[in-house]
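The values are calculated or read from the model by the stated rules, or taken from the named source; none is laboratory data. The shown structure was predicted, so the numbers you read here are calculated from the model rather than taken from an experiment. All Cβ positions, even for glycine, are placed from backbone atoms using ideal geometry, and neighbour counts span all protein chains on display. The area values use the complete protein model at the heavy-atom level, side chains included, leaving out ligands, DNA and RNA. Shrake-Rupley method; radii C 1.70, N 1.55, O 1.52, S 1.80 Å.
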Amino acid sequence: MMKLYIQSASAISPQHTFGDVPLLAETIVYDMPRLAAIEPDYRPFLDPKLSRRMSRVIKMGVAAARDCLQQAGLVLPDAIITGTAYGCVEDTNVFLTRIIEQEEEMLPPTAFIQSTHNTVAAQIALMLQCHAYNNTFVHKTFSFESALMDAAMLFTEQEASTILVGGIDEITDANYTIFNRFDTYKKGAFTSTDLYQSNTPGTIAGEGAAFFVLTNEPSAKNIAGLDAFQTFYKPIDIQQAIVDFLTAQSVQLSAIDLIISGKNGDAETDKPLDQLENGLFKNNRITHYKHLCGEYPTASSFALWMATNVVKNGSFINDNAPVKKVLICTHYQNKYWSLMLVSAC
């Protein structure tokens, strides 16, 4: 797979990550198992009249996408590709509720129109007047990685030179309640910063939108390189899979300056990552990210945003140790695993 280059990255998350702010300089601590995105002032990015008709996830996605394009100095991308597992859950809930309340008669169309998973990508294209390739992947927890794969194939086929790629998911009262019935989230008192010491079942719910302008051409404008990425479904031996992944890129584990681990605080599903951190990765510097953004299917997009900014800055938060190469190793429910190798340009 060819190397991809990242020209810009923008994220709206439960932390202060949007706009011109220091990289995770201040961690917002939550004492509940549900992390809500900190929404910015949308007026610079959205027409107020249009904004009134948009749900939260649409506004987050469109704002992050437009900020990402502005950072890259790009007016129109050659393609827009998004990944989402849940789609516009809030609009879907509104539409289904109105079907019942109004007995299937005289239903307003807005909630139905905006309930489809590709609404965010479509709204971005409409606002930009972009008639180029537009696609949305709904592949559960591999949705964002599928969007990256599609972008890589477009570059290989020489169908595009700049592509806007994003991962978006939201948590609403309805789907939080549903997942909580299956003991997905933690019970009792705890704080998000103590997530990995809790040793209890469940994780914390999260949400967010992260967008990237990708290109396949080296340039002084590039802020990071995505050297490779790969997904694994229920891997038999994840340690060997990681070794093979790095070997294919001719990268030694000792050359990795930072590993971003996808532990989410669930005592059972964290076991494989605990084994990796105490075994294969024991000599590497390790950090985590799901205490910052929470757990959701496209949380790997937040990890890529974090890795991109770390190598852009050349060092990790409050540390002067140089960081030029980062390995993201994350999973969802110990079923959907993904690896991403990010390097400085």
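Under 17 Å from the 7 Å Cα→Cβ point of residue 233, by amide nitrogen: which residues of segment 150-169? Answer for this model: 150. For the residues 335, 59, 263, a GNM of the chain with alpha-carbon springs under 10 Å puts the largest fluctuation on 335. Taking only protein heavy atoms and a 1.4 Å probe, the accessible area of the chain is 51% carbon and sulfur. Rounded to the nearest 500, what is the chain's calculated 222 nm mean residue ellipticity when only DSSP H runs of at least 4 contribute -39500 (n - 2.57) each, over all residues? Estimated from H runs of four or more residues: -9000 deg cm²/dmol. Using a Gaussian network for the chain with springs between C-alpha atoms less than 10 Å apart, which of these wobbles most: 224, 65, 267? Of 224, 65, 267, the Gaussian network model singles out 267 as fluctuating most. Spin-label pair residue 99-residue 16: with each label point 7 Å from Cα along the Cα-Cβ axis, the two points sit 4.3 nm from one another. Rounded to the nearest 20, the Cβ-based charge dipole of the chain about its Cα centre (Lys and Arg +1, Asp and Glu -1) stands at 480 debye. Note on residue 112 and residue 253: their simple-model spin labels are 5.5 nm apart, each label 7 Å out from Cα toward Cβ. Given the choices [x] 19.5, 64; [y] 30.2, 89; [z] 19.1, 55, Rg and Dmax of the Cα atoms in Å derived from the coordinates of this structure is entry [x]. The residues neighbouring residue 232, those whose beta-carbon lies less than 13 Å from its own, together hold a net charge of -1 under the Lys/Arg +1, Asp/Glu -1 convention.
Simple point charges give the picture: +1 on the Cβ of Lys and Arg, -1 on the Cβ of Asp and Glu, and for segment 155-208 a dipole about the Cα centre of about 400 debye. Counting 0.36 nm for each residue step from residue 320 to residue 177 and taking away their Cα separation leaves a gain of 47.2 nm.
Excluding same-chain neighbours fewer than eight residues apart, the lysines reachable from residue 271 by a Cα-Cα span under 27 Å are 140, 186, 187, 234, 263, 282, 290, 325, 335. Identify which of 89, 251, 120 has the largest mean-square fluctuation in a Gaussian network model of the chain, with springs joining Cα atoms closer than 10 Å. Greatest mean-square fluctuation among the candidates belongs to 251. The GluC sites (Glu not before Pro) found in segment 235-324 that occupy coil by DSSP, while having at most 11 further C-beta atoms within 10 Å, are 268. Across segment 290-345, Cα-Cα pairs farther apart than 17 Å form 39% of the total.
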